1. Lys49 fails exactly one of the following numbered conditions: (1) touching a residue at least 24 places away in the same chain (Cβ under 8 Å); (2) assigned to a strand (DSSP E or B); (3) within 9 Å of Val13 (Cβ to Cβ); (4) among the charged types (D, E, K, R). What is the number of that condition?
2. Taking the residues in the range 52-65 that are within 17 Å of Glu8 (Cα to Cα) and without any contact (Cβ under 8 Å) to a residue 40 or more places away in the chain as candidates, determine which candidate is surrounded by the fewest Cβ atoms within 10 Å (Cβ to Cβ).
3. Within the range 29-42, is even one residue loosely packed, with under 13 Cβ neighbours inside 10 Å, charged (D, E, K, R), touching a Gly at 6+ places or on another chain (Cβ under 9 Å) and without any contact (Cβ under 8 Å) to a residue 60 or more places away in the chain?
4. Would you confirm, using the coordinates I've provided, whether Ala44 is closer than 18 Å to Ile70 by Cβ and either among the charged types (D, E, K, R) or in contact with a Leu (Cβ under 8 Å, 6 or more places away or on another chain) (or both)?
5. If I go through the range 15-46 residue by residue, how many of them are charged (D, E, K, R), more than 11 Å from the chain's Cα centre (by Cα), at negative phi and outside any strand (DSSP E or B)?
6. Could you list all residues from the range 1-28 that are free of Cβ contacts under 8 Å to residues at least 24 places away in the same chain, surrounded by 13 or more Cβ atoms within 10 Å (Cβ to Cβ) and among the acidic types (Asp, Glu)?
Amino acid sequence: MAEEVLAEMVANVWKVLVAEGDEVAEGDTLVILESMKMEIPVEATASGKVTDVGVTEGGVVQEGDVIAVIE
């Protein structure tokens, strides 16, 4: 079953640390967001393979946007 990792706030995408096809463990950092000069790591909510990365470095996410999908 696919697990969607969602943005919890409006933020800039500072760094993308995973790519489609990467294996991740629960708690691994997928992306680092930046908001109000603070770096916010976004962690995997489950272990598995990243099947989709929905953000790009330099982009902006809104609350509820899909950051990544893990299967």
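FYI, it's all coordinate maths here, none of it is from the lab. Everything numeric here is computed off the predicted structure, so don't read it as measured data. Here the Cβ positions follow ideal geometry from the backbone for every residue, glycine too, while neighbour counts run over all protein chains shown.
1. (3)
2. Ranking the qualifying residues of the range 52-65, first place goes to Gly54.
3. no
4. Details: closer than 18 Å to Ile70 by Cβ: yes; either among the charged types (D, E, K, R) or in contact with a Leu (Cβ under 8 Å, 6 or more places away or on another chain) (or both): yes.
Here the answer is yes, as Ala44 does meet what is asked.
5. We begin by selecting, within the range 15-46, every residue charged (D, E, K, R); these are 15, 20, 22-23, 26, 28, 34, 37, 39, 43.
Then drop every residue that is not more than 11 Å from the chain's Cα centre (by Cα), which leaves 20, 22-23, 26, 34, 37, 39.
Those still in the list that are at negative phi too: 20, 22-23, 26, 34, 39.
Remaining after also requiring outside any strand (DSSP E or B): 20, 22, 26.
Qualifying residue count, the range 15-46: 3.
6. Within the range 1-28, just Asp28 meets the criteria.
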